[in-house]
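Structure first, then comments.
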Amino acid sequence: MSEHCAGHEGRDLGVTEIVCPNCGADLELFSDEKRVKCHVCGTWVNKDGTKYDGTGD
Ligand SMILES: [Zn+2]
């Protein structure tokens, strides 16, 4: 497994591509994150692509 991630920085984080449910912007969510903030409209988006409303978690 030593050469599996050659070329990267030794990190093993997957990236999930999701679409902002508010403005449709393409966002990238790292596997160690639960949600990401849209860089266009500022909406917090959950890993499943739904809008995060500040509840739960
Ligand atoms: Zn957005």
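FYI, it's all coordinate maths here, none of it is from the lab. Computed from a predicted model, the values in this text were never measured in an experiment.
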* Expressed in nm to one decimal, what extension gain is obtained for the pair residue 31 and residue 15 from 0.36 nm per residue of sequence separation less their Cα-Cα distance? -> 5.2 nm
* Estimated vicinal HN-Hα couplings, Hz - segment 45-53 in sequence order (Karplus 6.51, -1.76, 1.60; Gly, Pro = x) -> 10, 6, 4, 8, x, 9, 6, 7, 9
